[in-house]
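The values are calculated or read from the model by the stated rules, or taken from the named source; none is laboratory data. Source: prediction; values computed, not measured. Positions of Cβ are backbone-derived with ideal geometry, glycine not excepted, and every protein chain shown enters the neighbour counts. The protein model used for the area step is the full one, side chains on, heavy atoms only, and it has no ligands, DNA or RNA in it. Shrake-Rupley method; radii C 1.70, N 1.55, O 1.52, S 1.80 Å.
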Amino acid sequence: MTRIMHRIAAFALALCTLAATACDKNKKEPSDPKLTLQNVTGQYVGTFDFTPAPSDINPNPQPETGLDIAFEITEGGAVHFPEFPAAALVKALLGDGAEGLIPLLGTITYDATIGTPAADAERFTAPLTTPQLRIDLSGVMVVLISIEAPEQLVCTKSGEVTFTLKTTKCQLGEGESAGEPFDLVNTLKFTARKK
């Protein structure tokens, strides 16, 4: 009886060893985790290129490249500009007539909301929702600029972020005194690195 019990125990042990070996073979190597909003949250510094299109007000706007920029990707899911480059937009809108108004700009903040992302271990991409930009020229004039994001925000594992904003329409004044919106097409391409 003891011999039979030893054989059953040995057989059971052999089965357990085979099962464990089979499980080990079925295990996959752990994959790199996907990048998340938490991975890309932080302060960024870099540059942007500004490409304006001619308008009735300014038929010969000048493009600019390599302009300094700083922004933050927040835990709440926004690209936050503590100081949006509104001066470039006002120059493109008014040309030489902008010089007297630039000092009236003050600090203009702007937030673009980050949408539902797609991500893997190397890249985090997401659409941006872009509200209208309101520029108050110290009570002299209010300028409302419609903005869209034609390309998705892209953040890489190495800490680089790229995205594009494009102005489409401009309106001088607001409320009852507002003028008719008109085309104002400018492209701002941002490239930055996490601090």
Inset, instruction - Quote the FRET efficiency, to the nearest 0.05, computed for GLU75 versus ASP49 with a Förster distance R0 of 35 Å and r equal to the Cβ-Cβ distance. - result: 0.80
Legend entry - ³J(HN,Hα), Karplus 6.51/-1.76/1.60, whole Hz, each residue of the range 84-94, x for Gly, Pro: 5, x, 5, 4, 4, 5, 5, 4, 5, 6, 10
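Can you count the Lys pairs in the range 29-181 with C-alpha separation below 30 Å, eight or more apart or on different chains? Before the final figure, lay out the partial values.
Numbers: LYS34/LYS157; LYS34/LYS166; LYS91/LYS166; LYS91/LYS169; LYS157/LYS166.
So the count of such lysine pairs works out to 5.
Can you tell me the FRET efficiency between THR168 and ASP96 if r is taken as the Cβ-Cβ distance and R0 is 25 Å, rounded to the nearest 0.05?
Working: r = 24 Å, r/R0 = 0.95.
E(calc), rounded to 0.05, equals 0.60.
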Inset, instruction - Return the long-range amide H neighbours of LYS169 (sequence gap of 5 or more, or a different chain), with a cut-off of under 5 Å between placed amide H atoms. - result: SER146, LEU184
Inset, instruction - First compute the accessible area of the range 106-195 with a 1.4 Å probe, then give the percent of it belonging to carbon and sulfur atoms. - result: 49 percent
Legend entry - Dipole in debye (nearest 20) - the range 148-195, about Cα centre, beta carbon charges: Lys, Arg +1; Asp, Glu -1: 620 debye
Legend entry - Accessible surface of TYR110 - all protein chains present, 1.4 Å probe, nearest 10 Å²: 10 Å²
Legend entry - Using θ = phi - 60° and Karplus 6.51 cos²θ - 1.76 cosθ + 1.60, couplings along the range 164-173 (whole Hz; Gly, Pro as x): 10, 10, 9, 7, 10, 9, 9, 9, 8, x
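Test of understanding: what is the full-extension gain from SER138 to ALA178, defined as 0.36 nm times their sequence separation minus their Cα-Cα distance?
On the way: separation 40, 0.36 × 40 = 14.40 nm, distance 1.66 nm.
Fully extending the segment from SER138 to ALA178 adds 12.7 nm.
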